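The structure under discussion appears below in the form of structure tokens.
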Amino acid sequence: MRGFAMIGPNETGFIEKDDPKIGPRDALIKPLAVAPCTSDIHTVYEDAIGPRHNLILGHEASGVVMAVGEDVKDLKVGDKVIVPAITPDWSDVASQAGFGAHSGGCLSGWKFSNIKDGVFANRFHVNDADGNLAHMPEDLDPGVACMLSDMITTGFHADELAHVEYGDTVAVIGIGPVGLMALKGAVLHGASRIFAVGSRPKSVEVAKKYGATDIIDYHKGDIADQILALTDNKGVDKVLIAGGDTEHTFDQAVRMTKPGGKVGNVAYLNGNHMIEIKAAHWGVGMSNITIDGGLTPGGRLRMEKLASLIENGRLDPSLMITHKFHGFDHIQDALELMHQKPADVIKPVVYCDDID
Ligand code: NDP
Ligand code: ZN
């Protein structure tokens, strides 16, 4: 197989490897479309999870089933599938406890481009295929389907972590693709006023389309100060973190949250940094503000439910796809766009029309 890999820290390129072998419950997939994630950038250029060598990148894909193991029941060769970024081992006790993303150990449900080769390859392996691969609706564009793998499910997970409810006021910190989906998730959960924190004009434009009522530019002063000023010093019910930085954002988030409120984090933090929260901002430890952080849950059921939101016109992820490439080798250009983040980029996708 041929794939686009992290050769080593700060270095990427195309490599050849032996085809993956599938076990009785696994599947072999050919990609229809793939997309790079900001997490690929953290991995290659920011030493976020430690060095990886000759590891194929990517964890966002839709594809076609090329082979299945003998125990796979619900999939056959030729089926079109949505591939979740997180592919738990569903028989693991962590999955039984409701935390499939941590099956096999903390974050170990995240296999592609972390602990095994990812989806930026002409063939890739999926574990526990019946539990992880979702049937792709026939009329769903494969590039749009890629948004389900990670961006939609992760953004919505921020809303789940913060328990967004009808009438809540919400602040969304970061309006890249993940934050935009957290924002849309808040709308679907019934949020009232929604503060969206970001600055790039394209993201701001799309945030307004998804339902932001107020835009907060972090270049124009402390975001907690700005949101407190706009809420008579009360703050918001829920804060969703999908951007910012490890060292300051949590302090700001807690400071802008009302007593009893909740902060949900899905941002991938720099593991070498400290998270610091001034005790006074957390009610000297007694404000009943909860902070939760999670890797998105994965798996088939979640993908199929989220796909039904698109199918039924409740969610249009295409608003955040700013760049479309045709031809697998453009994955290099797409990853570079995510690395450089020019002002007009939210999310690129690569259609793998040339893979057979
Ligand atoms: P982007 O880089 O596209 O977006 C980041 C956002 O944060 C931008 O809107 C940016 O604003 C904003 N921002 C930057 N600096 C600050 C600051 N100091 N204060 C406030 N806001 C700031 O990221 P993605 O949307 O692609 O991903 C978001 C995070 O989610 C990443 O850390 C990613 O690795 C992580 N992730 C986590 C997953 C999980 O399962 N938990 C899965 C997938 C991704 P501007 O408009 O100026 O650019
Ligand atoms: Zn990701």
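The values are calculated or read from the model by the stated rules, or taken from the named source; none is laboratory data. Every value quoted in this text rests on a predicted model; they were computed, and no experiment measured them. Every residue, glycine as well, gets a Cβ built from its backbone with ideal geometry; the counts of neighbours run over all protein chains shown. Heads up: the accessible areas ignore ligands, DNA and RNA and are worked out on the full protein's heavy atoms, side chains in. Shrake-Rupley method; radii C 1.70, N 1.55, O 1.52, S 1.80 Å.
Listing for the model above:
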{"item": "Residues within region 210-229 that are under 18 Å from Thr169 (Cα atoms) and assigned to a helix (DSSP H, G or I), tallied", "result": "8"}
{"item": "Unique match (being within 29 Å of Glu60 (Cα to Cα), within 10 Å of ligand 1 (Cβ to nearest atom) and open to solvent by less than 60 Å² (accessible area, probe 1.4 Å)) among Ile175, Ile223", "result": "Ile175"}
{"item": "Pairs with Cβ under 7 Å, 6+ apart, first in region 32-50 and over 13 Å from Ala267 (Cβ atoms), second within 13 Å of ligand 2 (Cβ to nearest atom) and of a type in the set (Gly, Ala, Ser)", "result": "Ala33/Ala61; Val34/Gly58; Val34/Ala61; Pro36/Gly58; Asp40/Gly58; Asp40/Ser113; Thr43/Ser113"}
{"item": "Some residue of region 268-276 being open to solvent by less than 30 Å² (accessible area, probe 1.4 Å) and not aromatic (Phe, Trp, Tyr)", "result": "no"}
{"item": "Single residue of region 24-49 satisfying the filter (open to solvent by less than 20 Å² (accessible area, probe 1.4 Å) and within 16 Å of ligand 1 (Cβ to nearest atom)) that is nearest to Arg2 (Cα to Cα)", "result": "Val34"}
{"item": "Among (1) at pLDDT 95 or above; (2) open to solvent by less than 60 Å² (accessible area, probe 1.4 Å); (3) within 11 Å of ligand 1 (Cβ to nearest atom) - the single one Thr246 does not satisfy", "result": "(1)"}
{"item": "Residue, nearest to ligand 2 (Cβ to nearest atom), within region 257-285, restricted to residues that are in a strand (DSSP E or B) and within 22 Å of Ser108 (Cα to Cα)", "result": "Asn265"}
{"item": "Positions within region 289-324 being in contact with an Asp or Glu (Cβ under 8 Å, 6 or more places away or on another chain), surrounded by 21 or more Cβ atoms within 10 Å (Cβ to Cβ) and under 21 Å from Ser39 (Cβ atoms), in sequence order", "result": "Thr296"}
{"item": "Top-ranked residue of region 179-205 - restricted to ones that are open to solvent by 30 Å² or more (accessible area, probe 1.4 Å), in contact (Cβ under 8 Å) with a residue 40 or more places away in the chain and assigned to a helix (DSSP H, G or I), ranked as farthest from ligand 2 (Cβ to nearest atom)", "result": "Pro201"}
